[in-house]
Amino acid sequence: MTLSEMNFVLPDLAPASAEIFLLAAVSIILLIDVFLKKDERRTVTYVLTQLALLGCAAITFATSTGEITYTFTNMFVDDLMADFLKLLLYITVMVVIFYSRSYMLERAPQAKGEFYSLSLFATLGMMVMISANHFLTVYLGLELLSLSLYAMVALNRNSVQATEAAMKYFVLGALASGLLLYGMSLIYGATGTLEITAVAERLYMGHVNKTVLMLGVVFLVAGLAFKLGVVPFHMWIPDVYHGAPTAVTLFIGSAPKLAAFAIVMRMLVNGLIVVAADWQQMLILLSVLSMAIGNLAAIAQTNLKRMLAYSAISHMGFMLLGIVTGVVGGDARYALNAYSSAMFYVVTYVLTSAGTFGMILLLARNGFEADQIDDLKGLNKRSPWFAAIMMMLMFSMAGVPFFVGFFAKFSVLQAVVAAGYMKLAIAAVIFSLIGAYYYLRVVKIMYFDQPEDTSPIVAPTGMKVMLSINGLSVALLGLMPQALMTLCAVALLRSL
């Protein structure tokens, strides 16, 4: 039987060329890593990983047309939102790997090559999620990301804490995947299709079983809530953040947030916008609970990584406010402002989170994790510059003017007020004020407490430069946020 008799149409590979390149690159890196000598692995695998990400960035930039392009029988979409988020993803992963290098060299000598390879596989999963236009494509990307993260959390096989965290993550992740799959199957039963844009068309035409659809939406939102790490599906976040090696916590706490935002936009906004009134009510509940429990639980933490874990829960709750206020009473005129404010929030959170965990990695030494809040005591006396950077990052997370976190919160609150959810905006402001306490406590400890170790902080030049750029970008974007806000708005305008 010939290809023409089978009606086989070769898909357009250009929109997915970055994914194809990364898959080939990570396979080659894995093979090369096997044959390298122990000393060579320190540099060669790291350099090849960074080059692979640079190559992806170049390909994504070169193939970006600004138009919406579908391929693989409409299972994969390439649009401006996908290209913008992917470019941000490459930058984030490159910075994360840069921060993690010295940490990984000092610890777990058996896992150097595996860390880089798993990071690239996780990145590939996130790229697939960002460009998914089909429920199965979303699931494939999600599982590739999740399986890579489970292995990364358990990289330090000698640590009971890391192994326990990986087991909890794996079991709860399997449960969440089941919820997501069941939701997808119910939506398929209600609409007769798994293609996201086709689901939207069937809903618009009204050719659906409403009862089955609503049940599917509930399970779908529950699965997405786990991946975002919002209450009540947040149980894994504090344990995984605390138990995983700090380099892995940095990875989990930054890049996947971009992909999670993308699949929420693809599945809920692109696919299920007709029933927005139903899933918005669920998101409001998840958002308020996340801001409340995340901020209140963070106050009680003495471990810096656990504090940042609860902080992440509250930030994802805040981001959901933007998704909630896009469509009000069937009126979509607020959509662009609301969704772009949520996107801006995610991007700035990832930037700030990467810098914060980068600072923890800088302070960590062999045999010492520097993950207790008290480990920052008197940091200003040991290094005024690094204390200033950490202060900028904490102020940004707390939403202190005029750092980028303030404008991120302000843009989301503006969208919430414009949509008429005044009580929701007041609740968000109250919980933000509560959250400011534990960020300012870190600043107080750095500047007003006496250091237990008075030795000056010695850091590689590259690490100093990268952390300085990270910290200053938080301050500069706070003074000039308009360019990034416009990029977010344009990317969504040309994609929705």
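The values are calculated or read from the model by the stated rules, or taken from the named source; none is laboratory data. Bear in mind that the values here come from a model prediction, so they are computed numbers and not experimental data. We place every Cβ from the backbone using ideal geometry, glycine too, and count neighbours over all the protein chains shown. Quick note on the areas: whole protein, heavy atoms, side chains included, nothing else; ligands and nucleic acids left out. Shrake-Rupley method; radii C 1.70, N 1.55, O 1.52, S 1.80 Å.
All but one of (1) closer than 24 Å to M307 by Cβ; (2) small (G, A, S); (3) touching a residue at least 60 places away in the same chain (Cβ under 8 Å) hold for G420, so report the exception by its number. Among (1) closer than 24 Å to M307 by Cβ; (2) small (G, A, S); (3) touching a residue at least 60 places away in the same chain (Cβ under 8 Å), the lone unmet condition for G420 is (1).
Of the residues in the range 317-339, not one is under 22 Å from A255 (Cβ atoms), outside any helix (DSSP H, G or I), in contact with a helix residue (DSSP H, G or I) (Cβ under 6 Å, 6 or more places away or on another chain) and modelled with pLDDT under 90. Taking the criterion of being over 28 Å from P384 (Cβ atoms), surrounded by fewer than 18 Cβ atoms within 10 Å (Cβ to Cβ) and touching a residue at least 12 places away in the same chain (Cβ under 8 Å), the residues of the range 428-441 that qualify are V429, I434. Scanning the range 456-496 for residues that are open to solvent by 50 Å² or more (accessible area, probe 1.4 Å) and not hydrophobic (A, V, I, L, M, F, W, C), we see that the one that is nearest to M265 (Cα to Cα) is R494.
The criterion of being of a type outside the set (D, E, K, R), over 18 Å from L88 (Cβ atoms) and within 21 Å of the chain's Cα centre (by Cα) holds for M359.
A quick yes/no check of all residues on (1) in contact with a Cys (Cβ under 9 Å, 6 or more places away or on another chain); (2) at negative phi; (3) free of Cβ contacts under 8 Å to residues at least 24 places away in the same chain; (4) surrounded by fewer than 19 Cβ atoms within 10 Å (Cβ to Cβ):
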{"site": "K257", "(1), (2), (3), (4)": "no, yes, no, no"}
{"site": "M265", "(1), (2), (3), (4)": "no, yes, no, no"}
{"site": "D278", "(1), (2), (3), (4)": "no, yes, no, yes"}
{"site": "Q281", "(1), (2), (3), (4)": "no, yes, yes, yes"}
{"site": "L289", "(1), (2), (3), (4)": "no, yes, no, yes"}
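The residues on offer are V160, V95, and the sole one that is touching a residue at least 40 places away in the same chain (Cβ under 8 Å) and out of contact with any Cys (no Cβ under 9 Å at 6 or more places or on another chain) is V95.
Return the residues of the range 185-203 that are under 17 Å from R266 (Cβ atoms) and of a type outside the set (D, E); say none if nothing qualifies. Of everything in the range 185-203, those that are under 17 Å from R266 (Cβ atoms) and of a type outside the set (D, E) turn out to be I187, Y188, T191, T193, L194, I196, T197, A198, V199, A200, R202, L203. Looking at K444, is it farther than 25 Å from L258 by Cα and open to solvent by 20 Å² or more (accessible area, probe 1.4 Å)? Spelling it out, K444 is indeed farther than 25 Å from L258 by Cα and open to solvent by 20 Å² or more (accessible area, probe 1.4 Å).
One residue alone among A298, A342 is more than 19 Å from the chain's Cα centre (by Cα) and buried (at least 21 other Cβ atoms within 10 Å of the Cβ), and that residue is A298. Residues that are open to solvent by 40 Å² or more (accessible area, probe 1.4 Å) and among the polar types (S, T, N, Q) were ranked within the range 144-191; the one that is nearest to L220 (Cα to Cα) is S185. Residues that are under 15 Å from M307 (Cβ atoms) and part of a helix (DSSP H, G or I) occur in the range 397-408; there is at least one. Of the helices (runs of 4 or more DSSP H) contained entirely in the range 12-76, not one carries at least 3 residues that are closer than 30 Å to T193 by Cβ and among the aromatic types (F, W, Y).
Could you tell me whether the range 104-111 includes any residue that is open to solvent by less than 30 Å² (accessible area, probe 1.4 Å) and either within 18 Å of the chain's Cα centre (by Cα) or free of Cβ contacts under 8 Å to residues at least 60 places away in the same chain (or both)? Looking through the range 104-111, at least one residue is open to solvent by less than 30 Å² (accessible area, probe 1.4 Å) and either within 18 Å of the chain's Cα centre (by Cα) or free of Cβ contacts under 8 Å to residues at least 60 places away in the same chain (or both). Taking V230 as the residue in question, decide whether it is outside any helix (DSSP H, G or I), under 21 Å from A354 (Cβ atoms) and open to solvent by less than 20 Å² (accessible area, probe 1.4 Å). So V230 fits the description; yes. Which one of these is in contact (Cβ under 8 Å) with a residue 24 or more places away in the chain and crowded, with 24+ Cβ neighbours inside 10 Å: L363, L336, L308? Exactly one of L363, L336, L308 is in contact (Cβ under 8 Å) with a residue 24 or more places away in the chain and crowded, with 24+ Cβ neighbours inside 10 Å, namely L308.
Yes or no, residue by residue, for (1) modelled with pLDDT of 90 or more; (2) among the acidic types (D, E); (3) touching a strand residue (DSSP E or B) at 6+ places or on another chain (Cβ under 9 Å):
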position: Y421; (1), (2), (3): no, no, yes
position: R441; (1), (2), (3): yes, no, no
position: I445; (1), (2), (3): yes, no, no
position: T461; (1), (2), (3): no, no, no
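Among the residues of the range 381-398, not a single one is within 20 Å of L283 (Cα to Cα) and surrounded by fewer than 23 Cβ atoms within 10 Å (Cβ to Cβ). You will find that of L179, L136, L149, the residue that is touching a residue at least 60 places away in the same chain (Cβ under 8 Å), more than 16 Å from N74 (Cα to Cα) and under 25 Å from the mean Cα position of the chain (by Cα) is L149 and no other.
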